Amino acid sequence: MGQPELQESVEAVLEALPEPVVVHERGRILAANEAFQALLGRSLEELQRGTAIDFVHPDDRADIGKRLDSTAHNRRTPEHRLVHADGTAIPVEVTGVPFPYRGTIVALAIVHDLRPRKRDERELAVTERMASLGRIASTVGHEINNPLTYVIGALDLLTRDLHKLAP
């Protein structure tokens, strides 16, 4: 397989990956699969006009800017946010690996969208709060039931013996 065919195969594999993937050289975007373009709501041309850091949330740029080159060395970035074309912040983690691309070693960044995990964590937290509320309600019910049983028993006795007390 010659170099052009190999490059076409590499690009076909990148495009076939279901995870968002971007190839960059020190932040300059060389390639991005459709999943990455969809994640950010931007075309490849739009992505290539800027640098990778342009699509990082402004509050996270300083930290990620320092780590951008580390994605070329088998590293995972800490959680940070990318920005969709509509302004929505997208929480992500990025795993970077060195990658041969068009005759040079660049960074292949695999982007892990954390929104599903965060949604599951929120749902789990709500479920746990509801379970705690259920346990509290059960405990309160039990604590109310004990004296109530005594009161009902006393009323039953009083009702039964009331005719004895009447003149």
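Residue 161 - would you say it is open to solvent by less than 100 Å² (accessible area, probe 1.4 Å) and touching a helix residue (DSSP H, G or I) at 6+ places or on another chain (Cβ under 8 Å)? No, not satisfied. The lone criterion from (1) free of Cβ contacts under 8 Å to residues at least 40 places away in the same chain; (2) in a loop (DSSP other than H, G, I, E, B) left unmet by residue 86 is number (1).
A quick yes/no check of all residues on (1) open to solvent by 90 Å² or more (accessible area, probe 1.4 Å); (2) within 23 Å of residue 58 (Cα to Cα); (3) at pLDDT 80 or above:
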{"site": "77", "(1), (2), (3)": "no, yes, no"}
{"site": "84", "(1), (2), (3)": "no, yes, yes"}
{"site": "91", "(1), (2), (3)": "no, yes, yes"}
{"site": "107", "(1), (2), (3)": "no, yes, yes"}
{"site": "122", "(1), (2), (3)": "yes, no, no"}
{"site": "154", "(1), (2), (3)": "no, no, no"}
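Among the numbered criteria (1) under 20 Å from residue 11 (Cβ atoms); (2) touching a strand residue (DSSP E or B) at 6+ places or on another chain (Cβ under 6 Å); (3) modelled with pLDDT under 90, which single criterion is violated by residue 111? Failed condition: (3).
Residue 18 - would you say it is outside any helix (DSSP H, G or I), exposed (fewer than 12 other Cβ atoms within 10 Å of the Cβ) and at pLDDT below 90? Taking the combined requirement at face value, the residue satisfies it.
Looking at segment 25-68, the helices (runs of 4 or more DSSP H) lying wholly inside it that each contain 1 or more residues that are within 14 Å of residue 87 (Cα to Cα) sit at 34-40.
The values are calculated or read from the model by the stated rules, or taken from the named source; none is laboratory data. Owing to the predicted nature of the structure, the values given are computational and were not obtained by experimental measurement. Quick reminder, even Gly has a Cβ in these numbers, built from the backbone with ideal geometry, and neighbours come from all protein chains shown. Each accessible area value is taken on the protein alone, full model and side chains, heavy atoms only, with ligands, DNA and RNA left out. Shrake-Rupley method; radii C 1.70, N 1.55, O 1.52, S 1.80 Å.
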